[in-house]
1. Which one of Trp20, Trp110 is of a type in the set (A, V, I, L, M, F, W, C), touching a residue at least 40 places away in the same chain (Cβ under 8 Å) and farther than 22 Å from Glu137 by Cβ?
2. What number goes with the only condition from (1) closer than 19 Å to Pro26 by Cα; (2) in contact (Cβ under 8 Å) with a residue 40 or more places away in the chain; (3) of a type in the set (Val, Ile, Thr) that Thr76 does not pass?
3. Out of the residues in the stretch 126-145 meeting the condition of being among the small types (Gly, Ala, Ser), surrounded by 13 or more Cβ atoms within 10 Å (Cβ to Cβ) and farther than 16 Å from Glu27 by Cα, tell me which one is modelled with the highest pLDDT.
4. So how many residues does the stretch 100-132 have that are of a type in the set (Lys, Arg) and either under 18 Å from Phe70 (Cα atoms) or touching a Gly at 6+ places or on another chain (Cβ under 7 Å) (or both)?
5. Find all pairs meeting these conditions: Cβ atoms under 7 angstrom apart; at least six residues apart or on different chains; first residue within the stretch 45-71 and over 21 Å from Gly130 (Cα atoms); second residue of a type in the set (Lys, Arg) and surrounded by 14 or more Cβ atoms within 10 Å (Cβ to Cβ).
6. Among the listed residues Arg123, Arg104, identify the single one that is among the charged types (D, E, K, R), at pLDDT below 95 and under 21 Å from Thr2 (Cβ atoms).
7. Could you name every one of the strands (runs of 3 or more DSSP E) located completely within the stretch 1-112 that has at least 2 residues being aromatic (Phe, Trp, Tyr) and under 24 Å from Arg124 (Cβ atoms)?
8. Yes or no: Pro82 touching a residue at least 60 places away in the same chain (Cβ under 8 Å) and either of a type in the set (Lys, Arg) or surrounded by 14 or more Cβ atoms within 10 Å (Cβ to Cβ) (or both)?
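The values are calculated or read from the model by the stated rules, or taken from the named source; none is laboratory data. Computed from a predicted model, the values in this text were never measured in an experiment. Here Cβ is always computed from backbone atoms with ideal geometry, including for glycine, and neighbour counts include all displayed protein chains.
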Amino acid sequence: MTANRIEQETFITAPVERVWAVLTEPEHVVGWFGDEAEIELRPGGSMVLGFREHGRVHAVVETVEPPRVFAYRWATKPDEKPEAGNSTLVEFTLVPDGAGTLLRVVETGWTELAMPASEQESRRAENTQGWLAEIGELKQYAEAS
């Protein structure tokens, strides 16, 4: 892991189509990630992810390659529109693997944020722990349904 990157991988005992749905369909996203989800599933589409404890986070869909790659750029602070200097890029890659799916999540752009390096590092560390928890919840949700 570098100062500009978070990368995590997990194996999910569910077909790639199921994992894709869990990542991209709002009714499934709220089952593992936040309390609210709006997703316009196309490049340039808007997204909103709502969290009781953090507020509403805005994002822009960057990549949609069903059922293999889904990426979005999200703002680092609630209620801001994502743009250069205040957002990071989150990319999910799904690879069919036997009876399941290898899921990789990569979040980049920390060193481009318009904030002191110490705050960049603090936010990156926070998100590293957050992705560990959220990917665990995604795995549990996808495997249960």
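1. None of the other options fit; the residue is Trp110.
2. (1)
3. Restricting to residues being among the small types (Gly, Ala, Ser), surrounded by 13 or more Cβ atoms within 10 Å (Cβ to Cβ) and farther than 16 Å from Glu27 by Cα, the top hit is Gly136.
4. 1
5. Within 7 Å, the pairs are Glu62/Arg73.
6. Just a single option satisfies the conditions, and that option is Arg123.
7. The strands (runs of 3 or more DSSP E) meeting that bar are 69-75.
8. In short, no.
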